[in-house]
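Below you'll find the structure, written out as structure tokens, and then a few comments.
The values are calculated or read from the model by the stated rules, or taken from the named source; none is laboratory data. As the structure is a prediction and not an experimental result, all values here were calculated from the model. Don't worry about glycine lacking a Cβ; one is built from the backbone with ideal geometry, like all the others, and counts go over all protein chains shown. The accessibility values were calculated without ligands, DNA or RNA, using every heavy atom of the protein model including side chains. Shrake-Rupley method; radii C 1.70, N 1.55, O 1.52, S 1.80 Å.
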Number of protein chains: 2
Amino acid sequence: MKSSSPSGTWPHPDDLTRLAIAQSIGEELILDESVKNHLIEEYGKRGLKMSDSQFRQAERPSSGTPIPNPNGTAPGLHTAKDNHHVFALPGPKNEFGPMLTGPIKAILDQIHTGKPLHSRTLRVVGISEAIIGEKLSTLMEAENPTVAPYAKTGEVHLRITTSAATTKEADEIINPIADQIRSILGSAIYAEGEESLAAWIIQELTRRGHTIATAESCTGGLLAAELTSIDGSSKVFPAGFVTYSAESKNRELGVDLETLRTFGTVAEPTAIEMAVGARERAQTDFAISITGVAGAAPLVEPPSPKASGLVFVGIASPQGNSVHRLHFRGSREIIRTRAVIAALIRLRDILIVI
Amino acid sequence: MKSSSPSGTWPHPDDLTRLAIAQSIGEELILDESVKNHLIEEYGKRGLKMSDSQFRQAERPSSGTPIPNPNGTAPGLHTAKDNHHVFALPGPKNEFGPMLTGPIKAILDQIHTGKPLHSRTLRVVGISEAIIGEKLSTLMEAENPTVAPYAKTGEVHLRITTSAATTKEADEIINPIADQIRSILGSAIYAEGEESLAAWIIQELTRRGHTIATAESCTGGLLAAELTSIDGSSKVFPAGFVTYSAESKNRELGVDLETLRTFGTVAEPTAIEMAVGARERAQTDFAISITGVAGAAPLVEPPSPKASGLVFVGIASPQGNSVHRLHFRGSREIIRTRAVIAALIRLRDILIVI
């Protein structure tokens with residue numbers, strides 16, 4: 001048997017998803033004229049001509065409804081029969097995700113016949129899921145609202161959910177529990193909802209009219225990329241330095257050659273000088289530096305080898321400088337990701353108290 | 001009813017996954033001493049004491065087998081009864097992924113009683129899934145080997161799969177199809193298997209003894225982060241610049257103030273001067289620059305506003321300099337990701353011909 005495209009997206013000549021859905025509800029595939037016109041327009045904008053197989057993206061079972069896709073050409077599909085609903089979405093994460101949390105969620109909310117569900121997410125850093133589970137064990141056993149932890153890389157999301165006719169009614173159930181969780185976990189809760197640690201920091205720096213620079217070695221630009229992932233970050237982030245070699249640490253950031261010789265590239269004094277250098281160079285209020293060993297093998301450098309996972313975070317601020325010694329285990333990707341999160345947490349700790 | 005942790009990881013006091021699996025196969029939960037000792041050791045290394053609930057990570061149905069987790073404390077679980085297999089894994093992507101492609105795949109291969117499956121993945125950039133589907137439609141209809149496309153952000157993976165007793169036998173079936181695909185898609189296939197575009201570039205530069213620097217505006221460090229995600233990249237990548245403000249483009253990279261005034265920060269001449277400046281500053285053989293508008297709103301700057309999604313990629317090389325005008329649509333994240341992929345593709349095009 002011929003198999004359907006495993007990613008299930010529309011434009012394949014061999015994609016059987018639409019056909020399978022149509023057949024299962026006893027309908028024919030038709031060409032949706034509005035989708036077809038939209039596709040012609042989108043392809044036209046990019047100076048592309050559409051092939052015949054690409055028009056198959058516009059096909060749907062006759063009773064189906066196309067779901068707009070803001071990040072790609074292929075629309076999704078929603079069909080309903082006898083109170084059974086089938087959704088089909090393009091596979092790429094960047095298209096699938098926004099469609100799921102946008103139009104699909106809206107349709108599901110509409111379908112939901114009882115009282116709608118209301119959720120609030122508290123974002124927690126610096127405490128493991130296990131410890132959170134212990135501290136909140138009573139709350140997590142409750143049935144209304146439910147409190148559920150979701151482990152993410154470097155953080156945990158706590159979702160408080162209840163069923164209520166109105167937002168106000170939901171808030172009355174959720175608020176006291178959120179307050180209780182705040183009193184138990186304290187400043188480990190850094191934000192609510194969709195706000196990331198980087199977003200919180202950019203917002204906080206913007207509010208204060210402060211600026212920040214980055215100086216990265218082992219994270220190679222990930223910290224700068226995380227901060228600049230936030231719209232509006234250009235107001236607070238003028239420049240970042242990826243100083244991967246010892247020479248560039250000296251040349252770009254003014255790290256003393258004597259410091260590098262005496263302590264090496266992965267060391268407290270080097271991390272501090274990187275942060276201080278970035279702050280001076282970019283003329284910012286704050287600077288964060290990260291230097292460490294993300295590779296699987298230890299770094300062999302004078303005066304002593306540095307173990308894989310050893311990371312230093314330096315912070316230069318108007319109130320003075322600090323350095324943090326950390327140790328992570330795991331793959332290169334994990335060590336780098338956790339180093340970035342750790343750096344953002346340390347910066348947050350400082351922004352909270354000053 | 002009390003609900004289980006939705007992320008399904010072990011350390012929760014309220015996690016019901018293990019218990020549910022044990023009950024469904026009619027067994028008791030027992031404490032696995034080897035896992036328990038491993039946990040004590042791991043927590044000890046981090047200077048942490050284990051709580052009672054954390055020891056529940058070491059529980060398993062009596063006939064179950066723990067699956068090692070190289071990137072976290074909680075092990076996975078494999079149980080088998082009457083030829084039915086149940087796997088349970090920790091939820092975080094960084095832990096789940098490596099366990100799935102490592103130990104779980106190995107167990108599944110062992111379970112597989114017929115001839116094992118053999119796959120080869122060809123990685124394609126610069127052609128849409130739809131066009132690939134059209135060009136390879138005959139091959140995609142074949143049953144042995146099967147050819148299936150997987151759409152990823154900015155690239156498509158083509159997986160050729162067959163069932164064969166030995167690797168040699170599989171190669172005899174897969175090779176002619178892979179060759180046929182290569183002759184159809186040509187240089188759009190940039191690598192086989194797990195090798196990313198960044199890995200290909202780092203490997204190619206290493207082989208030639210060449211170095212590279214980056215100069216980024218709208219991608220804010222993502223390009224540098226992508227290159228340095230590859231182990232061994234420090235040999236070819238000494239430094240990168242994130243010059244987010246106009247001032248830093250001038251100060252760090254020597255972009256002429258007159259160029260910035262005349263053309264703006266998002267323009268061909270600026271992209272070229274950024275690349276040339278980074279190459280000179282970092283004393284590398286190559287440099288790539290990216291400047292563009294990743295935000296949802298157009299950039300208002302003299303001499304003219306620049307549309308959201310407009311991106312310029314500059315490349316400075318021993319053979320001369322080039323600049324590429326691109327336009328992406330989608331969210332900030334998508335524009336940035338696609339800009340990085342486009343920059344890597346342009347660099348690859350140059351490395352192939354020189």
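A few remarks follow.
- Lys, Arg +1 and Asp, Glu -1 on Cβ, resulting dipole of chain B about Cα centre, debye, nearest 20: 540
- B:I189 - accessible surface, heavy atoms, 1.4 Å probe, Å² rounded to 10: 10
- Here is how the number arises for chain A: DSSP H runs of 4 or more residues each give -39500 (n - 2.57), the sum is divided by the residue count, and the result at 222 nm is -11500 deg cm²/dmol.
- Sites excluded, trypsin sites (Lys or Arg not before Pro) in DSSP loops with at most 13 other C-beta within 10 Å, longest stretch of chain A: A:50-354
- For A:I354, the accessible surface of its heavy atoms amounts to roughly 70 Å² (probe 1.4 Å, protein chains only, rounded to the nearest 10).
- Inter-centroid distance (Cα atoms) of region B:100-174 relative to region A:34-66, Å: 28
- Summed buried accessible area for B+A [probe radius 1.4 Å, Å², rounded to 100]: 5600
- Region A:99-147: GluC sites (Glu not before Pro) in DSSP coil with no more than 10 other Cβ atoms inside 10 Å: A:E143
- Exam field: B:E41 pseudo-label spacings to other copies (7 Å along Cα-Cβ), nanometres: 6.3
- Panel note: contact residues of region B:39-74 (accessible area lowered by at least 50 Å² against the chain on its own; 1.4 Å probe) correspond to B:N71.
- Top of A:A58, A:A165, A:A343 by mean-square fluctuation, Gaussian network on chain A, Cα under 10 Å: A:A58
- Diffusion coefficient, µm² s⁻¹, Stokes-Einstein with Kirkwood Rh over alpha-carbon pairs of the protein assembly as shown at 10 °C and 1.306 mPa s: 57
- Stokes-Einstein diffusion coefficient of region B:295-351, Kirkwood radius over Cα pairs, 20 °C, 1.002 mPa s, in µm²/s: 173
- Taking every residue in A:309-315 and counting other chain Cβ atoms within 10 Å of its Cβ, the average works out to 0.
- Ranking A:S331, A:S308, B:V323 by Cα position along the charge dipole of the protein assembly as shown, where only Lys, Arg, Asp and Glu carry charges on their C-beta atoms, puts B:V323 farthest toward the positive end.
- A 1.4 Å probe run over region B:111-250, with the rest of the protein chains in place, finds 40 Å² accessible per residue.
- Across peptide A:207-216, the average count of Cβ atoms from other chains found within 10 Å of a residue's Cβ is 1.
- Sequence of A:E280, A:E41 from largest to smallest accessible area, 1.4 Å probe: A:E280, A:E41
- Rounded to whole Hz, the Karplus (6.51, -1.76, 1.60) HN-Hα couplings of region A:59-70, x for glycine and proline: 7, 7, x, 4, 8, x, 10, x, 10, x, 10, x
- Accessible area, probe 1.4 Å, largest first, for residues B:D285, B:D82, B:D109: B:D82, B:D109, B:D285
- Percent of C-alpha pairs per 5 Å bin in region A:197-353, short distances first: 2, 11, 21, 25, 20, 13, 6, 2, 0.
- Whole-percent carbon and sulfur share, accessible surface of the protein assembly as shown, 1.4 Å: 54
- Within region A:40-80, backbone nitrogen closer than 20 Å to the virtual label 7 Å beyond the Cα of A:I30 toward Cβ: A:40, A:55-68, A:75-80
- Value of D in µm² per second that Stokes-Einstein yields for region B:66-139, Kirkwood Rh from Cα pairs, at 25 °C (0.890 mPa s): 160
- Positive-pole candidate from A:G64, A:H210, A:F241, dipole of chain A, charges at beta carbon: A:F241
- Rounded to whole Hz, the Karplus (6.51, -1.76, 1.60) HN-Hα couplings of region B:127-139, x for glycine and proline: 10, 6, 4, 5, 5, 4, x, 5, 5, 10, 4, 5, 5
- Span-rule helices in chain A, defined as complete DSSP H runs reaching 20 Å or more along the axis (Cα) with Kyte mean at least 0.0: A:332-353
- Only protein heavy atoms count here; under a 1.4 Å probe, B:T153 has an accessible surface of about 40 Å².
- Accessible surface, 1.4 Å probe, highest first, among residues A:I30, B:I107: A:I30, B:I107
- Karplus (6.51, -1.76, 1.60) ³J(HN,Hα), θ = phi - 60°, over region A:76-81, in Hz, Gly and Pro reported as x: x, 9, 10, 10, 9, 8
- Summarising the amide proton neighbourhood of B:L310: residues at separation of 5 or more, or on other chains, whose placed amide H is nearer than 5 Å comprise B:V293, B:F328.
- For chain A, modelled as a GNM whose springs connect Cα atoms under 10 angstrom apart, the maximal fluctuation among A:S304, A:S234, A:S62 occurs at A:S62.
- Bridge type composition, region A:197-353 - antiparallel percent by DSSP, nearest 5: 65
- Per residue of A:127-137, other chain Cβ atoms within 10 Å of the residue Cβ number 6 on average.
- Antiparallel %, DSSP beta bridges [both residues in the protein assembly as shown], to 5: 85
- With one equal scatterer per alpha carbon and no solvent term, the Debye-computed log10 I(q)/I(0) for region B:17-111 at 0.13 1/Å reads -0.45.
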